[in-house]
Amino acid sequence: MKMTIKQIAEMAGVSVTTVSQILNNKGSRFSEETRKRVLDIVNKYHYKPDFFASNLINRHSKTIGMIVPDVTDFFFSKIIEGAESYFNPLGYMLVLCNSRHSQEKEIQYLNELSHRSVDGILLATPHLLPEAYSLKSGFFDDRPIILVDRGINQRDNGRLIVKEYEGAYQAVNYLINNGHRQIGMLKESTGYYQLEERFNGYRHALKDHQIPFKGRYVESAELTVSGGYEATKALLKYKEITAFFCGNDAMAIGCYQAIYEAGKKVPEDISVIGFDALKLSEYITPPLTTVMQPTFEIGFTAAKFLVDAIEFPTRRIPNKIFDTKLIIRESVETLTSKE
């Protein structure tokens, strides 16, 4: 049978309030003898606080709501891992919600979480929040929120921005410096990412090298393995293409498969660069050259920002900019003659 705080109080001969304050490190006014008596009972019976019960006293449930568009997506799984690594040592538990890219589901979860007394909410969203749930609406006055949204919802603080343009530019520039001129891009169609910065980096790198942009070399698809596979199959009809820049690593894996099925090899026949630097990208053959973005750190920082907002509600939350880095492996061939 689970020990209760009331039973501990009766066994120690003190009030429930005294036990609660000692457990929450607010018992400095009590004698060391009283503190030891309470803590000895806690340790003997392996007592774990009931966070929902303590919420009645401390107004903190030590529970965080987290809403993501797709829990199976490599990017979001790493975001979740980063957030958990910050929350768990502090005693916070996550309530994870999968919105499946639906704003209707997001709103449903926001309302559900608000009724479950979570201390704060992490929301990864592809959407502009409706007026009733905007950051200025008052909905989040009782519980802070941190957005992972690539800046879609305008705000002055708490922004988590990745230098995606720079990473994409560096990737395409690397292909060009290795002799490639006919470069295709696998681009996202819809969904969370809205990765225009990656597309802009691709176009501007071509322009800076006086290489004409060809719209037919850009194919849009979902940012998945199957999306990359289908997009590559569509672009392989352009026999002159010697390299692909992919919207993410999942697309790059699908790109590999389509190239293989076409009877060609990476990188001997076609070079490939991805984006994200997923751990998996190290172990495909050949290992994928890719742009690293610190996905784990994004989740970790979002969690830190949220805990700071919970514990220091008057403190201004800063913005955070994350660098990208080109990770050079074995999926790019150097062409001996430039076209």
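The values are calculated or read from the model by the stated rules, or taken from the named source; none is laboratory data. The structure displayed is predicted, hence computed values, not measured ones. In this analysis, Cβ positions are derived from the backbone assuming ideal geometry, glycine residues included, and neighbour counts consider all displayed protein chains. The accessibility values were calculated without ligands, DNA or RNA, using every heavy atom of the protein model including side chains. Shrake-Rupley method; radii C 1.70, N 1.55, O 1.52, S 1.80 Å.
Pairs please, first residue from region 218-244 and on the phi < 0 side of the Ramachandran plot and surrounded by fewer than 22 Cβ atoms within 10 Å (Cβ to Cβ), second anywhere and polar (S, T, N, Q) and in a strand (DSSP E or B), Cβ atoms under 9 Å, 6+ apart in sequence or on different chains.
T242/S271
I'm checking my understanding of the structure. Among residues of region 190-217 that are among the basic types (K, R) and either open to solvent by less than 20 Å² (accessible area, probe 1.4 Å) or in a helix (DSSP H, G or I) (or both), which one is farthest from V172 (Cα to Cα)?
The initial filter retains those residues of region 190-217 that are among the basic types (K, R), namely 198, 203, 207, 214, 216.
After this cut, where a residue has to be either open to solvent by less than 20 Å² (accessible area, probe 1.4 Å) or in a helix (DSSP H, G or I) (or both) as well, the list is 198, 203, 207, 216.
Working: R198: 10, R203: 9, K207: 11, R216: 17 Å.
Filtering region 190-217 for residues that are among the basic types (K, R) and either open to solvent by less than 20 Å² (accessible area, probe 1.4 Å) or in a helix (DSSP H, G or I) (or both), the one farthest from V172 (Cα to Cα) comes out as R216.
Can you tell me which condition A262 does not meet? The list is (1) aliphatic (A, V, I, L, M); (2) at pLDDT 95 or above; (3) buried (at least 16 other Cβ atoms within 10 Å of the Cβ), and all the others hold.
Tallying (1) aliphatic (A, V, I, L, M); (2) at pLDDT 95 or above; (3) buried (at least 16 other Cβ atoms within 10 Å of the Cβ), A262 fails exactly one: (3).
Give G184, G158, G167 a once-over and let me know the one that is open to solvent by less than 10 Å² (accessible area, probe 1.4 Å), touching a Ser or Thr at 6+ places or on another chain (Cβ under 7 Å) and either under 30 Å from E333 (Cβ atoms) or in the same structural domain as R100 (by the TED database) (or both). Explain how you work it out, then say what you get.
On the way: G184 fails: touching a Ser or Thr at 6+ places or on another chain (Cβ under 7 Å); G158 fails: touching a Ser or Thr at 6+ places or on another chain (Cβ under 7 Å).
Result of the check over G184, G158, G167: G167.
Does region 293-304 include one or more residues that are farther than 28 Å from F199 by Cβ and exposed (fewer than 15 other Cβ atoms within 10 Å of the Cβ)?
no
Consider only pairs whose beta carbons are under 7 Å apart and that are at least six residues apart or on different chains; among these, list those whose first residue lies in region 130-159 and is at pLDDT 90 or above and of a type in the set (V, I, T) and whose second residue is in a loop (DSSP other than H, G, I, E, B) and surrounded by 15 or more Cβ atoms within 10 Å (Cβ to Cβ).
Sorted first by the residue in region 130-159, then by its partner, the pairs are I146/G158.
Within the bounds of region 86-102, is there any residue that is open to solvent by less than 30 Å² (accessible area, probe 1.4 Å), farther than 19 Å from R150 by Cα and modelled with pLDDT of 95 or more?
For region 86-102, residues open to solvent by less than 30 Å² (accessible area, probe 1.4 Å), farther than 19 Å from R150 by Cα and modelled with pLDDT of 95 or more: present.
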